[in-house]
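K.L.:
After the structure tokens below, expect a handful of questions from me.
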Amino acid sequence: MSMETSKKDASHRTPGDPSPWIRRFAGLVPAAGAVADIACGGGRHGRFFLAQGHPVLFADRDVSGVADLKERQDVEIVEADLEQSGWPLAGRQCAGVVVTNYLWRPILPRMVALVAPGGLLLYETFALGNEAFGRPSNPEFLLRPGELLEAVRGRLDVLAYEQRVTDEPKRAVIQHIAARRR
Ligand SMILES: C[S@@+](CC[C@H](N)C(=O)[O-])C[C@H]1O[C@@H](n2cnc3c(N)ncnc32)[C@H](O)[C@@H]1O
């Protein structure tokens with residue numbers, strides 16, 4: 001489990017507005033290229049990319065939040081526990097890989113490997129310091145300073161990176177990156 005959410009709490013499966021960071025760099029994902037929304041929850045980012053004409057792969061251990069999309073030809077839904085052995089997306093590559101509000105350190109290299117040549121990794125989640133404001137507060141689920149930069153070093157070119165305090169949608173310490181494979 002990577003976010004300290006209760007199994008009874010379905011809020012993460014309700015699609016909300018896409019993150020400003022993801023919106024900002026979405027136009028750099030190669031046109032019509034497939035986008036993976038990893039740990040998608042309600043699929044707010046995958047839905048945003050669908051609206052931009054990208055086919056989307058949604059992955060989560062609980063795919064109930066994207067069940068309404070399952071008949072679409074441009075949608076693939078992968079129901080899998082990403083933290084168990086056996087990476088379900090082995091051998092796959094996508095023009096866009098989007099991960100938000102989710103961290104499981106051992107699979108960071110998998111996320112990077114999932115990015116196709118010319119494609120983008122857009123990653124945003126909570127960072128150390130967030131414990132002052134609420135959850136997640138377990139350091140296991142909080143990025144260390146520069147950790148996303150380290151994750152892509154030598155593999156992807158960094159277009160933008162930042163760690164900061166945000167007030168939207170609530171006060172939190174977040175880290176985000178946009179990085180491209182040559
Ligand atoms: C806080 S929600 C974020 C949802 C979405 N990325 C967003 O930002 O709106 C975290 C998501 O990670 C998923 N998740 C947690 N642990 C997981 C695991 N081991 N395998 C797959 N998905 C997992 C949860 O089911 C949940 O949908």
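The values are calculated or read from the model by the stated rules, or taken from the named source; none is laboratory data. Computed from a prediction, not measured in an experiment: that's the story for all the values here. Quick reminder, even Gly has a Cβ in these numbers, built from the backbone with ideal geometry, and neighbours come from all protein chains shown. The area values use the complete protein model at the heavy-atom level, side chains included, leaving out ligands, DNA and RNA. Shrake-Rupley method; radii C 1.70, N 1.55, O 1.52, S 1.80 Å.
K.L.:
Looking only at strands (runs of 3 or more DSSP E) that fall completely inside region 88-182, which ones have 3 or more residues that are more than 15 Å from the chain's Cα centre (by Cα) and farther than 27 Å from residue 78 by Cα? Reasoning before the result, please.
P.N.:
Numbers: elements: 94-100, 115-126, 157-166, 172-180.
Those strands (runs of 3 or more DSSP E) span 157-166.
K.L.:
Another question about this same structure. Considering only region 44-62, I want to know if a residue exists there that is over 18 Å from residue 93 (Cα atoms), of a type in the set (Phe, Trp, Tyr) and either surrounded by fewer than 22 Cβ atoms within 10 Å (Cβ to Cβ) or modelled with pLDDT of 95 or more (or both).
P.N.:
yes
K.L.:
One residue is enough: does region 131-145 have a residue meeting the conditions within 9 Å of the ligand (Cβ to nearest atom) and under 23 Å from residue 157 (Cα atoms)?
P.N.:
There is no residue in region 131-145 that is within 9 Å of the ligand (Cβ to nearest atom) and under 23 Å from residue 157 (Cα atoms).
K.L.:
Go through the residues of region 42-61 one by one and say whether even a single one is more than 12 Å from the ligand (Cβ to nearest atom) and assigned to a strand (DSSP E or B).
P.N.:
Checked against the condition, which is being more than 12 Å from the ligand (Cβ to nearest atom) and assigned to a strand (DSSP E or B), region 42-61 yields at least one hit.
K.L.:
For region 137-145, check the following and say yes or no: at least one residue is surrounded by fewer than 18 Cβ atoms within 10 Å (Cβ to Cβ), without any contact (Cβ under 8 Å) to a residue 12 or more places away in the chain and of a type in the set (Lys, Arg).
P.N.:
There is no residue in region 137-145 that is surrounded by fewer than 18 Cβ atoms within 10 Å (Cβ to Cβ), without any contact (Cβ under 8 Å) to a residue 12 or more places away in the chain and of a type in the set (Lys, Arg).
Yes/no matrix, rows are residues, columns are (1) within 15 Å of the ligand (Cβ to nearest atom); (2) touching a helix residue (DSSP H, G or I) at 6+ places or on another chain (Cβ under 9 Å); (3) among the polar types (S, T, N, Q):
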| site | (1), (2), (3) |
| --- | --- |
| 67 | yes, no, no |
| 75 | no, yes, no |
| 88 | yes, no, no |
| 98 | yes, yes, no |
| 104 | yes, yes, no |
| 113 | no, no, no |
| 118 | no, no, no |
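K.L.:
Which of (1) on the phi > 0 side of the Ramachandran plot; (2) open to solvent by less than 20 Å² (accessible area, probe 1.4 Å) does residue 129 not meet, given it meets every other one?
P.N.:
Going through the list (1) on the phi > 0 side of the Ramachandran plot; (2) open to solvent by less than 20 Å² (accessible area, probe 1.4 Å), residue 129 breaks only (2).
K.L.:
Related question: Quick one: count up the residues across region 83-111 that are under 24 Å from residue 47 (Cβ atoms) and open to solvent by less than 20 Å² (accessible area, probe 1.4 Å).
P.N.:
Result for region 83-111: 11.
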